[in-house]
């Protein structure tokens, strides 16, 4: 199944393992995970690889929020 053919990733249950083709390459046995940001409660459902980007992005965004609030 191609990643761009998946219209509703939330239809996959946590722990489901899929293979997909993306512009980055072919992913075999990519596990679907569900994670939540403990600061803002935003939820992400997707592969572990993409969850890592979500976590990193949230960490950086919330660090920026703190830095800005300290400047004010």
Seminar exercise, completed: Percent of all alpha-carbon pairs of segment 3-71 at distances over 21 Å, whole number, is 35 percent
Exercise. Normalised by the residues of segment 3-71, what does the relative contact order come to in percent, with Cα pairs under 8 Å and at least six apart?
Worked result: 21 percent
Problem set entry | Cβ crowding within 10 Å averaged over residues, with 26-32, 61-67 ranked highest first | 26-32, 61-67
For this session: Fewest Cβ neighbours within 10 Å first, please rank 72, 20 accordingly.
Result: 72, 20
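Computed from the coordinates by the stated procedures, all read-outs in this text should not be read as laboratory data. Because the structure is predicted, anything quoted here is derived from the model rather than measured. Heads up, the Cβs are rebuilt from the backbone with ideal geometry, glycines too, and the neighbour counts pull from every protein chain shown.
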